Amino acid sequence: MSTATALIGVDWGSSNLRVFRMGAEGTVLDRRADGRGASTLASHQFADVLTEVAADWLAEDLPVIVCGMAGARGRWLEAPYAPCPAGLDDIASYAVTPADAPEVRILPGVAVWRDGCLDDVMRGEETQLFGLDAGFDRVIAPGTHSKWARLESGRIVDFSTHMTGELFAALSVSPSFVGGVAGTDDAAFEAGVLAGLEDGPLGQSLFGTRVGMLAGRVAPTGLQDYLSGMLIGAEIAGEAREGLTGRIALLGAPALVTRYRQALALAGLGDVAVADVDAATAAGLWRTWKAMR
């Protein structure tokens, strides 16, 4: 197998930077990571940080493709959102080049417009979606802001965002929900999922969690897991209103993906596959670069 580098792929998230050295047909030859995410940098700092992390790779005078929050407003250089439905050609056509790094192409995010108004956005996840193997109708990317995307013929045709992770982080430090350590009580998590799937008023259900602990129905040590389950269950219930059919892919951190798979099974959705985030990101960067050529 050839070890010659053909492309430098970059995934610049809000919290972390990942750089891939890629060879023929998108094979990942090496990878590096850094904690200087896009949210911590001013626009003039991005080029220097990338040079610090991958100077020896960049010295080969290779094309560099960047996805994620480096293209957000106020970051390296804003790359306008490509509207849905969006395919690889659309993403490639909306890419921009920063003045301080002419070899770099920053990819756009994707936006949903409804009735002439901006309705939802993503940056970075679209590259992962394009890196998946064919055969998935729906992709779930759980995280701080969980994305549910619908795919048709290799194009992103619609998606929605849920602030589930951010809600959990905020509520889990509230005096009403402090108790236990998340990820240790599967029974409490599943009970929370079932409660969330009931699709009642979320605010009322959340207060019921506290009442359930006071009444002895929820163990204090399982409170965090119950809360996590309820929020994920409510997220699934919200998406289920529109109907959930076809094959589903999960993309995300392993522990979180395991929890979502568990919750989806409780909701009766068993045709779920777990995809490798790094592999999907690298493949998406490669395929987008090929669409530019």
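The values are calculated or read from the model by the stated rules, or taken from the named source; none is laboratory data. Nothing here was measured: the structure is a model prediction, and the numbers come from that model. For neighbour counting, all protein chains shown are included, and Cβ atoms are generated from backbone atoms with ideal geometry for every residue, glycine included. Just so you know, the surface numbers come from the protein's heavy atoms only, side chains and all, with ligands and any DNA or RNA stripped out. Shrake-Rupley method; radii C 1.70, N 1.55, O 1.52, S 1.80 Å.
Points to keep in mind about this one:
- Cβ pairs under 6 Å, 6+ apart, first in segment 258-272 and under 15 Å from W148 (Cβ atoms), second of a type outside the set (F, W, Y) and open to solvent by 40 Å² or more (accessible area, probe 1.4 Å): A267/L197; V272/R261
- Breaking point among (1) free of Cβ contacts under 8 Å to residues at least 40 places away in the same chain; (2) within 15 Å of the chain's Cα centre (by Cα), for E242: (2)
For (1) buried (at least 20 other Cβ atoms within 10 Å of the Cβ); (2) without any contact (Cβ under 8 Å) to a residue 60 or more places away in the chain, each residue gets a yes or a no:
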residue: G13; (1), (2): no, no
residue: G26; (1), (2): yes, no
residue: A70; (1), (2): yes, no
residue: A82; (1), (2): yes, yes
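- Scanning segment 15-24 for residues that are open to solvent by 10 Å² or more (accessible area, probe 1.4 Å) and part of a strand (DSSP E or B) turns up R18, R21.
- Scope segment 146-166; condition open to solvent by less than 80 Å² (accessible area, probe 1.4 Å) and either part of a loop (DSSP other than H, G, I, E, B) or over 21 Å from L251 (Cα atoms) (or both); matching residues: G154
- Selected residue (criterion: modelled with the highest pLDDT) from residues of segment 260-271 that are open to solvent by 60 Å² or more (accessible area, probe 1.4 Å) and in a loop (DSSP other than H, G, I, E, B): G268
For (1) in a helix (DSSP H, G or I); (2) under 16 Å from A249 (Cα atoms), each residue gets a yes or a no:
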position	(1), (2)
I140	no, yes
F168	yes, no
G183	no, no
V193	yes, no
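- Number of positions in segment 249-259 that are surrounded by 14 or more Cβ atoms within 10 Å (Cβ to Cβ) and either assigned to a loop (DSSP other than H, G, I, E, B) or touching a strand residue (DSSP E or B) at 6+ places or on another chain (Cβ under 6 Å) (or both): 5
- Restricting A6, A95 to those that are under 21 Å from the mean Cα position of the chain (by Cα), under 15 Å from T288 (Cα atoms) and either open to solvent by less than 60 Å² (accessible area, probe 1.4 Å) or hydrophobic (A, V, I, L, M, F, W, C) (or both) reduces the list to A95.
- Among the numbered conditions (1) surrounded by 14 or more Cβ atoms within 10 Å (Cβ to Cβ); (2) under 21 Å from G183 (Cα atoms); (3) free of Cβ contacts under 8 Å to residues at least 60 places away in the same chain, the only one that E235 does not meet is (3).
- Matching entry among L118, L62, L77, L132 (being of a type in the set (A, V, I, L, M), assigned to a loop (DSSP other than H, G, I, E, B), open to solvent by 10 Å² or more (accessible area, probe 1.4 Å) and within 25 Å of G165 (Cα to Cα)): L132
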